[in-house]
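Down below is the structure, laid out as structure tokens.
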2 protein chains.
Amino acid sequence: MTVRTEPSQHAGMRASNLALVLGEVARTGPVSRARVAVHTGLTKSSVSGLVTDLISAGLIGESAPAATERGRPATALTLAPGGAAGLGLEINVDYLAAMVTDLTGAPRYHHVVSRDNRDREVDEVVADLIEVARTAAASATSQGLPLAAACVAVPGLAVDGIVVRAPNLGWAHVDLAAAIHEGTGLEVDLENEANLAALGEMWFGGHEHEGAPLRDFVHVSGEIGIGGGIVVGGEVFRGAHAGAGELGHVVVAPDGPRCGCGGHGCLERMAGQQEILARAQVATMAELTQACEAGDRAALDAVADAGRHLGVALSSVLTLLDPAAIVLGGAFATLAPWLTTATAASISHHTGAAEPPRLLVSGLGSDAAVRGAAGTVVRRVIADPAAHLARRP
Amino acid sequence: MTVRTEPSQHAGMRASNLALVLGEVARTGPVSRARVAVHTGLTKSSVSGLVTDLISAGLIGESAPAATERGRPATALTLAPGGAAGLGLEINVDYLAAMVTDLTGAPRYHHVVSRDNRDREVDEVVADLIEVARTAAASATSQGLPLAAACVAVPGLAVDGIVVRAPNLGWAHVDLAAAIHEGTGLEVDLENEANLAALGEMWFGGHEHEGAPLRDFVHVSGEIGIGGGIVVGGEVFRGAHAGAGELGHVVVAPDGPRCGCGGHGCLERMAGQQEILARAQVATMAELTQACEAGDRAALDAVADAGRHLGVALSSVLTLLDPAAIVLGGAFATLAPWLTTATAASISHHTGAAEPPRLLVSGLGSDAAVRGAAGTVVRRVIADPAAHLARRP
């Protein structure tokens, strides 16, 4: 057995113990120091020292004494909501959005600007997003919430802060993270919106599987495009080149028409918003919903037809990935009342499954991605408080 | 910082250090003790003690002294081929197979019994497999190879030693691991054949990705059924209920005929061996291959048609999973010369990808699964030598 005690290892050990304690408080708080010691396997005196550091860093707060099992009062530890906050941003085809969440993940600011971003100059859209970000940051400041960083949801592939491609926006190789950083002074990460929507759904959607939070599922996000987020063991599955989860381009009509991606018969081409609106002969999602509510046959048929195509794609998803559940988000959540019967029937037909699959409907709808973006920032603080403290001015 | 030194932790630390050293020797051997110390971060004296234990356990051997960087000779450590061996077994629709590999993964015995197992009593087939296993075990004994355990590849879903279902065999709830254990005295695990074929391909197939062994790929195993094995980061991806990777039941013809699984339009129904043989109007794979070699139009069309359907399924696989490569195994490897052009064209058509995907052909063919099964046993010994030593009589 070898025990090495170089300073670098001490620092690493301290960082990992800070994360252990803060993670335990986040998961089980309000909780006493003694219970944190039991759950983490650390000694009581280690826990006390680490908690003192986390309290003075503003990440943990002490609530009023609560009775312990033996009846003696002990102060209970919780995450300090105001200790660090996350700025989530979203750029999508027909809107921009910002959300600030505090350290507990609770929303403290939310703003959506509806505007079609397809036919505008990239610089204009980026300038608008910076403006949206600054307004959100000002709100955070006025609420006494220190922003740890920002995370931007983009409808495409993002690598190392660059939007490599966002076909539905017509963007390629846009250096978005650097622009937002310059405009706000914050550290900025980019991530695919479908992946962030899936994380938002996992953290804030309230779904369960066998009594525990859902950690293995596929989230379907239908905005102008159709995206998918695959979550495996609580983590986003990205594939070998960060391109996994492109549910919108699963083949559902092998002899079907050409899709914007260059392929043929993709789900997005057969069941995307534009296709549904065209078949229903309406111009907007609001009109479509109204028409469905009014029992309009063309609208109901258009949505059911999209539901059948979605069922073909989800049959292949279930067969390949065997998730614990499918969560329908975005526009598919809005259309769920008129869509899910056709989708479930299509899945039964194509998989032959006797039991219907777990088809859940998101309660977060189109806010899932921006919530996941803000949540990503605060989750990172909780996962590595030492790095967060080292970065503070 | 907390350092705890209870005996249980000593034992755990020793087990983990034995695995660290043996793993390093397996990966980089022949290698000197000094180099193992550098690579593992353990002290030289720790490494010496651990190596002594692994040598006396028969898992590590010393080869002739090799020159070190400074020119002084040092004995080089390698895996001892005869230290432990794995018995791989396979039960498939039209054959039984057994393979013994030594600790280095080298095949030391291989036997295949061709016979259609579909219309036979389960007990008869199990008795035959036990006989095949005993013969293989006798060969291992006569070669001085101590079998660590057995692993059985089954064409279906296996959980906790039970074949839950194997549709192409017509089996359900067969207590196979217990039967093989009783017949051979060995510890026995079951695993899906498509998953084992993927592991066999990764360990013994010799494919690379950007200069390193392939660790993120999808393996297609076409026997009577069509299976898929998804490997992510070197591990089999199993999904929430161990059912992931069922490539044969990806929907490739949404309006297509009913499949044996109860679904409709599945890849297996459109491009399985029986379908290809029927369209080519031949009775066996050997006849099909001969007909293709002779340029028979019906045979070539049947194979190309299967290739197109396979391309539809793989388009969805590439879109959802973004693997570094696809490896065609089993019958698809045999048919590759007449299949892959159609498959690649179908993928290009359905994904719109400018670059053709990495479509590799297995050199292991139908032996991949049984090789993966035997390899699984010896890999487990290398991953946890302490558990192996504790189990020895």
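A few remarks follow.
- Selection count where residues are buried (at least 24 other Cβ atoms within 10 Å of the Cβ) and of a type in the set (Val, Ile, Thr), scope segment A:327-343: 2
- Hits in segment A:247-276 - residues which are within 15 Å of A:Gly307 (Cβ to Cβ) and either basic (Lys, Arg) or more than 24 Å from the chain's Cα centre (by Cα) (or both): A:Val252, A:Ala253, A:Met270, A:Glu275, A:Ile276
- Where A:Thr284 falls short, out of the listed (1) touching a helix residue (DSSP H, G or I) at 6+ places or on another chain (Cβ under 9 Å); (2) of a type outside the set (Gly, Ala, Ser); (3) within 12 Å of chain B (Cβ to nearest Cβ): (3)
- Within segment A:123-135, residues that are surrounded by fewer than 19 Cβ atoms within 10 Å (Cβ to Cβ) sit with their Cβ atoms under 8 Å from residues that are hydroxyl-bearing (Ser, Thr, Tyr), at 6+ positions apart or across chains, in these pairs: A:Ile130/A:Thr184; A:Arg134/A:Thr184.
- Of the residues making up segment A:165-198, those that are under 23 Å from A:Ile230 (Cβ atoms), part of a strand (DSSP E or B) and of a type in the set (Gly, Ala, Ser) number 1.
- Of the residues making up segment B:349-386, those that are buried (at least 19 other Cβ atoms within 10 Å of the Cβ) and within 14 Å of chain A (Cβ to nearest Cβ) number 5.
- Taking segment B:255-313 as the range and being among the polar types (S, T, N, Q) and either under 26 Å from A:Ser315 (Cβ atoms) or not assigned by TED's automatic domain parsing to the domain that holds B:Gly245 (or both) as the test, the residues that pass are B:Gln273, B:Gln274.
Yes or no, residue by residue, for (1) open to solvent by less than 30 Å² (accessible area, probe 1.4 Å); (2) on the phi > 0 side of the Ramachandran plot; (3) more than 9 Å from chain A (Cβ to nearest Cβ):
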site	(1), (2), (3)
B:Gly229	yes, no, yes
B:Gly233	no, yes, yes
B:Ala244	yes, no, no
B:Val251	yes, no, no
B:Gln273	yes, no, yes
B:Arg297	no, no, yes
B:Val303	yes, no, yes
B:Ala306	yes, no, yes
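- Residue ranges of strands (runs of 3 or more DSSP E) in segment B:52-92 with at least 1 members surrounded by fewer than 24 Cβ atoms within 10 Å (Cβ to Cβ) and at pLDDT below 80: B:60-67, B:73-79
- Sole exception among (1) more than 16 Å from the chain's Cα centre (by Cα); (2) at pLDDT 95 or above; (3) closer than 17 Å to B:Ala150 by Cβ for B:Ala342, by number: (3)
- Residue match in segment B:206-218 (condition: closer than 27 Å to B:Glu287 by Cα, surrounded by fewer than 23 Cβ atoms within 10 Å (Cβ to Cβ) and either modelled with pLDDT of 95 or more or more than 9 Å from chain A (Cβ to nearest Cβ) (or both)): no
- Residue tally, condition within 13 Å of the chain's Cα centre (by Cα) and without any contact (Cβ under 8 Å) to a residue 60 or more places away in the chain, over segment B:179-194: 2
- For beta carbons closer than 7 Å, sequence separation of 6+ or different chains, a first residue in segment A:220-237 that is in the same structural domain as A:Ala373 (by TED's automatic domain parsing) and free of Cβ contacts under 8 Å to residues at least 60 places away in the same chain and a second that is open to solvent by less than 10 Å² (accessible area, probe 1.4 Å) and of a type in the set (D, E, K, R), there are no qualifying pairs.
The values are calculated or read from the model by the stated rules, or taken from the named source; none is laboratory data. Predicted, not measured: the structure shown is a model, and the values here were computed from it. Counting neighbours? That spans all protein chains shown, and the Cβs are built from the backbone with ideal geometry, glycine included. Remember, those area values only see protein heavy atoms, side chains included, never the ligands or the DNA or RNA. Shrake-Rupley method; radii C 1.70, N 1.55, O 1.52, S 1.80 Å.
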